[in-house]
Amino acid sequence: MVKKKDFSAGLPDPTPLIEDIISKYPRKVAKKRAKAMIANTPDEDQEIQANVRTIPGIITQRGCTYAGCKGVVLGPTRDIINLVHGPIGCSFYAWLTRRNQTRPETPTDENYMMYAFSTDMQDENIVFGGEVKLKQAIREAFELFKPKAIGVFSTCPVGLIGDDVHAVSREMKEELGINIFGFSCEGYRGVSQSAGHHIANNQVFKNVVGLNDRPRKSKFQLNLLGEYNIGGDAFELEALFEEVGIELISTFSGNSTIKSMEYAHTVDLNIVMCHRSINYIAEMMEEKYGIPWIKANFIGSEATAKTLRKIGEFFDDAELTAKIEEVIARESAKVKEVMDAIKPKTEGKLAMMFVGGSRAHHYQELFKELGVTTVSAGYEFAHRDDYEGRKVIPNIKIDADTRNIEEITVTKTENPELWREDLVEKKAALEKKGYEFSDYEGMMPEMTKNSLVIDDISHLETEKLIEFYKPDIFCAGIKEKYVVQKSGVPLKQLHSYDYGGPYTAFGGAINFFKEMERMLVTDVWKLVDTPWKSEPEIVGSMTINA
Ligand code: CFM
């Protein structure tokens, strides 16, 4: 049975634990891994190593560049055909595995999310080239579905043999008369899926955003960036915006359509949920159109209220503000009722979370509301700014792996009607009052003293941490789930939500609290250990007849 630790007087200094882990590695590996582990001191500027190559041989949680581009950023848009140029495995293992939901407006609306489109590359294509096959596949997809747009995604062999997906896309665009564009998102192109996010942002900005200057329809228009509708998260937020009277123009990319992205530049404000995967588009929209962005967080009821108020402050409209306050008051009361019932049972428990590039931070809010302390957390593939805040961006060294990603230059639009000087002025005026734009403070300043922050955690480190902290819950993904549970610690998947969700906004917080009650307030995990360790189960006797 796992013996609980009492950290009510504060967390212990994790330095001896770091030293113990490091001592198990060969010298070179130890040197590298030491830089990725920080005993957190929130009011000091501490530097963590992030977004560097995983050491070969270490079991990482990371995915590939193709996964970040095709699966994460473009995957949730229902009416673009995502055609994968590569071996079938790259499509098969990316097929409906991420729980990004969608809801077409009518039953006959286009929705390709349940399909897997692939060129099914064979040895012959690897040897003689696959461009002809790619063209055929594009024509076939077009004839069958007549889509508005097709995206072509490169897998590793495409880059190795030199197929030009961009040239093929241009040619096919001309031939078929629909929007077709390619992504150089070969799996090996970056150190993780993070490179794929960047590549996706660039291509969507170049080929989609700004194609349709739809006239304004409402008073308050915004885009929600970095929300992928896992487990219905975006549905919660859509309902919330609708109720307060804000028009959500486009979500990048949960429950989205390619059309909505085409007129995404007609908003007044971009709000960024997942900073890691989408900050590039937020920055580019500001550069080109003068649209400002703010960081948002809808995970946790307090965080939701804070974000709503910040949006209200931006629009500065008495009616909107009143409506926002009304919704906050009504919904917070519902959340509080559930929280008050559950918190006495969860208070003082310990959590750990190692997830992606934003949730390891966001979900700490929900645990905090239940009185659960996050003793250790880390991202799989985030950058230093997601840990330490955007202030460190100018000091991040650009390495060869980052140079591998196309850097596009964005300039101010020449169309005076599209350049939002009014927003530029509004931003300047609000900044004078202390309103923060274009900022993300990162995870480390918000974590407690002596919490242990680890980037790209390895399997050995995971086991050592469990042994040391004996957490009540571990949050990660399917790759870790059963290994962790075998050690008697429940694991909540924060990628797929274990078939649960939504967890955003007020309704989502209630869902999460109820689920945490079920996972944290149960004795079942104490039964994981073998009972014969403490008490003999079979008693036998033997008689010997001499
Ligand atoms: Fe952003 Fe995401 Fe995440 Fe991410 Fe992901 Fe995901 Fe994630 Mo899995 S975009 S960084 S690449 S919030 S798929 S919806 S859960 S690792 S923490």
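If you go through the stretch 67-100 and keep only what is under 24 Å from Glu131 (Cα atoms), within 10 Å of the ligand (Cβ to nearest atom) and open to solvent by 30 Å² or more (accessible area, probe 1.4 Å), you end up with just Ala67. Is there any pair with a first residue in the stretch 153-175 that is touching a residue at least 60 places away in the same chain (Cβ under 8 Å) and a second that is among the aromatic types (Phe, Trp, Tyr) and open to solvent by 10 Å² or more (accessible area, probe 1.4 Å) whose Cβ atoms are under 9 Å apart and which are 6 or more apart or on different chains, and what are they? Here the result reads Phe153/Tyr66; Ser154/Tyr66; Thr155/Tyr66; Cys156/Tyr66; Cys156/Tyr188, each pair linking the stretch 153-175 to a residue that is among the aromatic types (Phe, Trp, Tyr) and open to solvent by 10 Å² or more (accessible area, probe 1.4 Å). Of the helices (runs of 4 or more DSSP H) entirely within the stretch 110-176, those holding at least 3 residues that are surrounded by 15 or more Cβ atoms within 10 Å (Cβ to Cβ) and over 29 Å from the mean Cα position of the chain (by Cα) occupy 131-145, 165-176. Checking each residue in the stretch 78-114 for being within 23 Å of Arg189 (Cα to Cα) and among the polar types (S, T, N, Q) picks out Asn82, Ser91, Thr97.
Please determine whether any residue of the stretch 103-114 is of a type in the set (A, V, I, L, M, F, W, C), within 16 Å of the ligand (Cβ to nearest atom) and modelled with pLDDT under 95. Looking for residues that are of a type in the set (A, V, I, L, M, F, W, C), within 16 Å of the ligand (Cβ to nearest atom) and modelled with pLDDT under 95, one finds none in the stretch 103-114, hence no. Restricting the stretch 434-484 to residues that are touching a Leu at 6+ places or on another chain (Cβ under 7 Å) and acidic (Asp, Glu), the residue that is farthest from the ligand (Cβ to nearest atom) is Asp472.
In the stretch 177-210, the residue that is least open to solvent (accessible area, probe 1.4 Å) out of those that are free of Cβ contacts under 8 Å to residues at least 60 places away in the same chain and in a loop (DSSP other than H, G, I, E, B) is Val208.
Condition check ((1) under 21 Å from the mean Cα position of the chain (by Cα); (2) of a type outside the set (Ser, Thr, Tyr)) across all residues:
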{"residue": "Ser277", "(1), (2)": "yes, no"}
{"residue": "Glu302", "(1), (2)": "yes, yes"}
{"residue": "Ile324", "(1), (2)": "no, yes"}
{"residue": "Leu350", "(1), (2)": "no, yes"}
{"residue": "Tyr363", "(1), (2)": "yes, no"}
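Okay, residues lined up against (1) farther than 30 Å from Thr54 by Cβ; (2) of a type outside the set (Asp, Glu); (3) at pLDDT below 95:
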site: Thr307; (1), (2), (3): yes, yes, no
site: Lys323; (1), (2), (3): yes, yes, no
site: Ala351; (1), (2), (3): no, yes, no
site: Gln364; (1), (2), (3): no, yes, no
site: Lys397; (1), (2), (3): no, yes, yes
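Can you find even one residue in the stretch 48-66 that is of a type in the set (Lys, Arg), more than 20 Å from the chain's Cα centre (by Cα), open to solvent by 10 Å² or more (accessible area, probe 1.4 Å) and away from the ligand (no atom under 16 Å from the Cβ)? No: the stretch 48-66 contains no residue that is of a type in the set (Lys, Arg), more than 20 Å from the chain's Cα centre (by Cα), open to solvent by 10 Å² or more (accessible area, probe 1.4 Å) and away from the ligand (no atom under 16 Å from the Cβ). One residue alone among Thr402, Thr413 is open to solvent by less than 50 Å² (accessible area, probe 1.4 Å) and farther than 24 Å from Phe381 by Cβ, and that residue is Thr413. Screening the stretch 237-267 for residues that are of a type in the set (D, E, K, R) and under 17 Å from Lys323 (Cβ atoms) and picking the one that is farthest from the chain's Cα centre (by Cα) gives Glu243. In the stretch 94-115, is there at least one residue being closer than 21 Å to Leu160 by Cβ, in contact with a helix residue (DSSP H, G or I) (Cβ under 9 Å, 6 or more places away or on another chain) and without any contact (Cβ under 8 Å) to a residue 40 or more places away in the chain? Within the stretch 94-115, one or more residues are closer than 21 Å to Leu160 by Cβ, in contact with a helix residue (DSSP H, G or I) (Cβ under 9 Å, 6 or more places away or on another chain) and without any contact (Cβ under 8 Å) to a residue 40 or more places away in the chain. Candidates in the stretch 253-296 are the residues that are under 19 Å from Pro104 (Cα atoms) and part of a helix (DSSP H, G or I); of these, the one that is most open to solvent (accessible area, probe 1.4 Å) is Lys259. Under 8 Å by Cβ, and 6 or more places apart or on different chains, what pairs join a residue from the stretch 211-233 that is within 30 Å of Arg359 (Cα to Cα) with one that is in a strand (DSSP E or B) and charged (D, E, K, R)? Correct list of pairs: Phe220/Glu247; Gln221/Glu247; Leu222/Glu247; Asp233/Glu227. Comparison of Glu467, Glu431, Glu461 shows that the only residue that is over 30 Å from Thr266 (Cβ atoms), surrounded by fewer than 21 Cβ atoms within 10 Å (Cβ to Cβ) and among the acidic types (Asp, Glu) is Glu467.
The set of residues from the stretch 476-509 being open to solvent by less than 30 Å² (accessible area, probe 1.4 Å), aromatic (Phe, Trp, Tyr) and assigned to a helix (DSSP H, G or I) comprises Tyr497, Phe506. In the set (1) in contact with a helix residue (DSSP H, G or I) (Cβ under 7 Å, 6 or more places away or on another chain); (2) more than 15 Å from the ligand (Cβ to nearest atom); (3) not aliphatic (A, V, I, L, M), Glu313 fails one condition alone, (1).
For Ala382, the requirement of being touching a helix residue (DSSP H, G or I) at 6+ places or on another chain (Cβ under 6 Å), within 15 Å of the ligand (Cβ to nearest atom), in a loop (DSSP other than H, G, I, E, B) and open to solvent by less than 10 Å² (accessible area, probe 1.4 Å) is met. Tallying residues that are in a loop (DSSP other than H, G, I, E, B), near the ligand (Cβ under 9 Å from one of its atoms) and out of contact with any helix residue (DSSP H, G or I) (no Cβ under 8 Å at 6 or more places or on another chain) within the stretch 347-379 yields 0.
The values are calculated or read from the model by the stated rules, or taken from the named source; none is laboratory data. This structure is a prediction, so every number in the text was calculated from the model and none was measured. As a convention, Cβ positions derive from the backbone with ideal geometry for all residues, glycine included, and neighbour counts pool all protein chains shown. Protein only, heavy atoms only, side chains kept; ligands, DNA and RNA dropped before computing areas. Shrake-Rupley method; radii C 1.70, N 1.55, O 1.52, S 1.80 Å.
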